[in-house]
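Please read the structure below before turning to the comments.
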Amino acid sequence: MLQFNRLQTIAILGTVLLGVLFTIPNFLTSEQLEKAPGFVPSSQVKLGLDLRGGSYLLLKVETDEVIDNRMTSLRREVQREMRPSGNRERIALQALPTYNADTATISLRVREASDVAEAEDRIKALTRQGLGAAVGVGLRPYEVIVTGERIDIRMSREAQTYYIAEAVKDSIEVVRRRIDPVGNKEVSIQPQGADRIIVQAPGDDDPEALKEVINRTGQLTFHHVDGTVDPLDAESGLLPPGRILVPNAEYEGPGAEVLYEEPVITGDMVADATAEPNSETGGFQIGFRFDNTGARRFGDFTRDHVGERFAIVLDNEVISAPRIQSVIPGGTGRITGNFTAEEVTRTATLIRSGALPATLTTIEQRSVGAELGADSVRAGAIALIVGFAGVIIYMVLSYGRFGVYADMALIANVALIAGALSLFGSTLTLPGIAGIVLTIGMAVDANVLIFERIREEVLGGKPPVRAIELGFDKARSAIVDANVTTFAAAAFMFILGAGPVRGFAVTLMIGVVTSVFTAYFLTRLLAGGWVLANRPKTITL
Amino acid sequence: MALLKFIPDQTSIPFTSWRMIAAAVSGLAVVASIIAVATLGLNFGVDFRGGVTIEVASDDPIDLGAVRSAVGDLGLGDVRVQEIVDPGGDKGVVVFIEQQEADAVETSPGAAQSETADGTDAEGADALADDEGAQQTASKAVQDVLRALLGEDIRFNKIEVVGPTVSGELIQKGALAVALALGAMLIYIWARFEWQFSLGAVAALAHDIIITLGVFAVTQLEFNLPIIAAILTIVGYSMNDTVVVYDRVRENLRKFKKKALTEVADLSINDTLSRTVMTSVTTLIALIALYVIGGDVLRGFTFAMIWGILIGTYSSIFVAAPFLLATGVKRDWSKNAVTATP
């Protein structure tokens, strides 16, 4: 049956028109798009980073660190629980609690067997905080196992998974605050798998600066400086317990400071940080403001320690260690030093964005300059036009009138591909352009199969209308089988492929579907319409 | 108007009578390819080998030798420097550095000292993180050296850093994608045709893939992620060609129940020959445009594809079809054949 009924004809032409309609926005500027009438769709094809320039970073959240950090601080708390406080007696231990990272277990040994039950109670009370709804109500994050005088505290698998997932979520938020604080950039930050984050930042910014901003942990703490210990003694190993030796940041001069390990204030108590000019020195400084808890603690601390020094530590470096001149109430302060404007801005953003729950390691980076991207678009577009023109001419030369029909189907095909890419808001990459060019070459295959069949039927003596009918019918099984296999290959590329391969696979899959549609339905509509209307005695192809 | 035709309307080329020669040629090519891949190896790009690629362009001419020795002095192991022309016609250089290991790079003091307080032993994770970090440090070092050597005005057109974790995964996924695609084809053809067809089609595909790998081993063209995409496309295209021939063989087997199998095969190949050539030519037109105009970035990819179209067309005629003759395909395709024959 060559003839389509009215409804089918409308459906075929309507589909093609839809393809054209969805392609339109790509040729409009954003202002024109705003003024366009309501029926014009607004989604455009996005250009991939390889075509517009930008950086792709694949980050790995160091998940071991997430667990280690929690367990290490729990270990400290367990140790504290064994000390006397209020009406509680001290529980004597054979040795300080140890932590084994491989099994995520804290172990301690109680000296007196009679204390075991009390120690277990205190630990259970300490670890009773649930994980919230995500792991199920009542489920405890830690298992406490008692064997003789030994107590093991192990973090459960579910809790580990939960904390890692939380860390990935938090990391994404922190990274977003750092590289896109205002939310006006087209930065995409997405999780991938259990412990990875993909950052895609278009634009010509220096990828090294981007990585530097992301990879800093941003751990800010305020410590009391222990002025009684000489840093030089501490360096040679005479560090009293409960103290840490922290190196000075390079712009603060050489050496290190001996600090009390327990921080006075932690970064999460800092409500805001801004870069501002320093009117006294003409340089730059960072102004900060604590939240209520922080302000109270800082006020108390400065009141008790006038004349002593405190240190502001960022990522294990002392960035400033001023002397306390007088009590500082009100909860505001500033970090001064020999900073450049850029350093101050970066540090302020870092402090404001909060600390990463764990180190982010860059395991893959792909950056393309905007200029190269623009050149690639131009080259790809020219290749597309030349290839397109070549195929169109060749088809007309080979099949005459039928070649023209095939070419019309081919043009509709390209419109449909572009329309589908716009509709899905897909990202067009250089391999994606290659996919379209290849699809143009292969798209005519279905038409070629049909025309060759028609030619055979004509040679076999069939009248034109019958020959065309038979041609379409008999070519069908070959077209289906051939395209299903190509589609399958593209689908595997899409499922398993990374970056560039996926972009190629998407256009190839769309191209397979649209080329079968246009070849089978549009060409049939055109060729069938002509032959039924004119009833030619012979046809040549 | 006379229409352009490379292939006359009716041909009767005795393709199958050349099947022994074709088998010898294909067999030799496959063996030679395997040897080439085994001895010469593939020139894996950064995607699969890990390491750093930095492409730099400058308005001033760049002295390749100076770049080579300056980057070489960093002690980053195997360094390759080559000239490149980007699609805009600008000249630049590409610097390749092999995958770094943690202790091979001197990190700035302090930066490498991760906090190992409280005696936790997370050394395994740290070592891995350091290996990844070493790529980043090397990348930064090369950029600094290039800036010092060529001036601040140079443009880094492209920076690719692939660490050991990702490169390992990309190899696995690439191989898996090709293997699964082959498996899926095997099953689909089996379901639509017969097991002999399925075996023949996959033999043709394996033939195409192996010889393509051989060409990459001999030419030492860079083998990277897009080449896997090219190979998968070759798989799709070659299968496409093979299926069209097989479809006709199946049809002719139904039509000519008494004809010798070789005759049926020859007839089917000749019937579809015009279409085979036609589609190959249109696809090649598009690909050659891309190869010539598309720029260096796509050149390896389009080369693989052009090669694949040629070899895929050859294999569907000279490998896939003769394979049916060798395995002996069932002759009776009438619908009730199974119940009718005792």
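The values are calculated or read from the model by the stated rules, or taken from the named source; none is laboratory data. A quick note: this is a predicted structure, and the numbers were derived from the prediction, not measured. Don't worry about glycine lacking a Cβ; one is built from the backbone with ideal geometry, like all the others, and counts go over all protein chains shown.
Some notes on this structure:
- Residues that are touching a strand residue (DSSP E or B) at 6+ places or on another chain (Cβ under 8 Å) and surrounded by fewer than 24 Cβ atoms within 10 Å (Cβ to Cβ) within segment A:487-540 comprise just one, A:499.
One line per residue, one yes/no per condition, for (1) away from every other protein chain (no Cβ under 14 Å); (2) in a helix (DSSP H, G or I); (3) in contact with a strand residue (DSSP E or B) (Cβ under 9 Å, 6 or more places away or on another chain); (4) touching a residue at least 12 places away in the same chain (Cβ under 8 Å):
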{"site": "B:5", "(1), (2), (3), (4)": "no, no, no, yes"}
{"site": "B:21", "(1), (2), (3), (4)": "yes, yes, no, no"}
{"site": "B:24", "(1), (2), (3), (4)": "yes, yes, no, no"}
{"site": "B:28", "(1), (2), (3), (4)": "yes, yes, no, no"}
{"site": "B:32", "(1), (2), (3), (4)": "yes, yes, no, yes"}
{"site": "B:35", "(1), (2), (3), (4)": "yes, yes, no, no"}
{"site": "B:41", "(1), (2), (3), (4)": "yes, no, no, yes"}
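- Counting only residues that are closer than 17 Å to residue A:349 by Cβ and within 31 Å of the chain's Cα centre (by Cα), segment A:266-286 holds 9 of them.
- Contacts under 8 angstrom Cβ, first residue in segment A:526-541 being at positive phi, partner modelled with pLDDT of 85 or more and surrounded by 15 or more Cβ atoms within 10 Å (Cβ to Cβ), 6 or more apart: A:535/A:464; A:535/A:465
- Qualifying positions in segment A:41-73 - closer than 30 Å to residue A:422 by Cα and of a type in the set (A, V, I, L, M, F, W, C): A:45, A:47, A:49, A:51, A:57, A:58, A:59
- Positions within segment A:74-132 being in contact with a Leu (Cβ under 8 Å, 6 or more places away or on another chain), under 22 Å from residue A:164 (Cβ atoms), of a type outside the set (A, V, I, L, M) and touching a residue at least 24 places away in the same chain (Cβ under 8 Å), in sequence order: A:77, A:127
- Count of segment A:1-52 residues, restricted to those that are in contact (Cβ under 8 Å) with a residue 24 or more places away in the chain, more than 30 Å from residue B:160 (Cβ to Cβ) and either exposed (fewer than 12 other Cβ atoms within 10 Å of the Cβ) or acidic (Asp, Glu) (or both), is 1.
- When we screen A:444, A:480, A:448 for residues that are at the interface with another protein chain (Cβ under 7 Å from one of its Cβ atoms), under 27 Å from residue A:10 (Cα atoms) and free of Cβ contacts under 8 Å to residues at least 60 places away in the same chain, the only hit is A:448.
- Of all residues in segment B:270-288, none that is crowded, with 24+ Cβ neighbours inside 10 Å has its Cβ atom under 7 Å from the Cβ atom of a residue that is not in a helix (DSSP H, G or I), 6 or more apart or on another chain.
- Where helices (runs of 4 or more DSSP H) fall entirely within segment A:44-129, those with at least 2 residues that are within 22 Å of residue A:156 (Cα to Cα) and within 14 Å of chain B (Cβ to nearest Cβ) are at A:63-81.
- Scope segment B:89-112; condition of a type in the set (Gly, Ala, Ser), modelled with pLDDT of 50 or more and either closer than 9 Å to residue B:134 by Cβ or not in a loop (DSSP other than H, G, I, E, B) (or both); matching residues: B:92, B:102
- Exactly one residue out of A:377, A:404, A:396, A:458 is more than 8 Å from chain B (Cβ to nearest Cβ), farther than 27 Å from residue A:51 by Cα, in contact (Cβ under 8 Å) with a residue 40 or more places away in the chain and not acidic (Asp, Glu), and it is A:458.
- Residue A:340 falls short on exactly one of the conditions (1) facing chain B (nearest Cβ under 9 Å); (2) β-branched (Val, Ile, Thr); (3) surrounded by fewer than 19 Cβ atoms within 10 Å (Cβ to Cβ), and that condition is (1).
- The condition (being at the interface with chain A (Cβ under 9 Å from one of its Cβ atoms) and assigned to a helix (DSSP H, G or I)) is satisfied by just one residue among B:133, B:168: B:133.
- Taking the criterion of being away from every other protein chain (no Cβ under 12 Å) and buried (at least 24 other Cβ atoms within 10 Å of the Cβ), the only residue of segment B:234-264 that qualifies is B:264.
- Restricting attention to segment B:154-187 and to residues that are of a type in the set (Lys, Arg) and in contact (Cβ under 8 Å) with a residue 60 or more places away in the chain, the residue that is nearest to residue A:58 (Cα to Cα) turns out to be B:158.
- Residue B:28 within 27 Å of residue B:203 (Cα to Cα), modelled with pLDDT of 90 or more and either of a type in the set (Asp, Glu) or over 20 Å from the mean Cα position of the chain (by Cα) (or both): yes
- Near pairs, Cβ below 6 angstrom, 6+ apart or cross-chain, from segment A:162-176 (under 12 Å from residue A:358 (Cβ atoms)) to any residue that is polar (S, T, N, Q) and crowded, with 17+ Cβ neighbours inside 10 Å: A:164/A:63; A:174/A:353
- Candidate set from segment A:123-162 (those that are within 16 Å of residue A:81 (Cβ to Cβ) and surrounded by fewer than 16 Cβ atoms within 10 Å (Cβ to Cβ)); member that is modelled with the lowest pLDDT: A:129
- The listed residues are A:168, A:146, and the only one of them that is within 18 Å of residue A:63 (Cα to Cα) and not charged (D, E, K, R) turns out to be A:168.
- Residue count, segment B:136-165 (criterion: at pLDDT 90 or above, of a type in the set (A, V, I, L, M, F, W, C) and not in a helix (DSSP H, G or I)): 3
- Any hit, segment A:211-230, residues being in a helix (DSSP H, G or I), of a type in the set (Gly, Ala, Ser) and under 34 Å from the mean Cα position of the chain (by Cα): no
Residues checked against (1) within 7 Å of chain B (Cβ to nearest Cβ); (2) part of a strand (DSSP E or B):
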residue: A:348; (1), (2): no, no
residue: A:355; (1), (2): no, no
residue: A:366; (1), (2): yes, yes
residue: A:371; (1), (2): yes, no
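- Residue within segment B:292-314 that is of a type outside the set (Lys, Arg), farther than 14 Å from residue B:231 by Cα, touching a helix residue (DSSP H, G or I) at 6+ places or on another chain (Cβ under 7 Å) and more than 11 Å from chain A (Cβ to nearest Cβ) present: yes
- Check on residue B:13, surrounded by fewer than 12 Cβ atoms within 10 Å (Cβ to Cβ) and closer than 30 Å to residue B:278 by Cα: no
- Filter result for residue A:113 (modelled with pLDDT of 85 or more, surrounded by fewer than 15 Cβ atoms within 10 Å (Cβ to Cβ), more than 20 Å from residue A:73 (Cα to Cα) and touching a strand residue (DSSP E or B) at 6+ places or on another chain (Cβ under 9 Å)): no
Results for (1) surrounded by fewer than 18 Cβ atoms within 10 Å (Cβ to Cβ); (2) closer than 24 Å to residue A:352 by Cβ, shown as yes or no for each residue.
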position: A:236; (1), (2): yes, no
position: A:240; (1), (2): yes, no
position: A:259; (1), (2): no, yes
position: A:266; (1), (2): yes, yes
position: A:284; (1), (2): no, yes
position: A:292; (1), (2): yes, yes
position: A:301; (1), (2): no, yes
position: A:306; (1), (2): yes, no
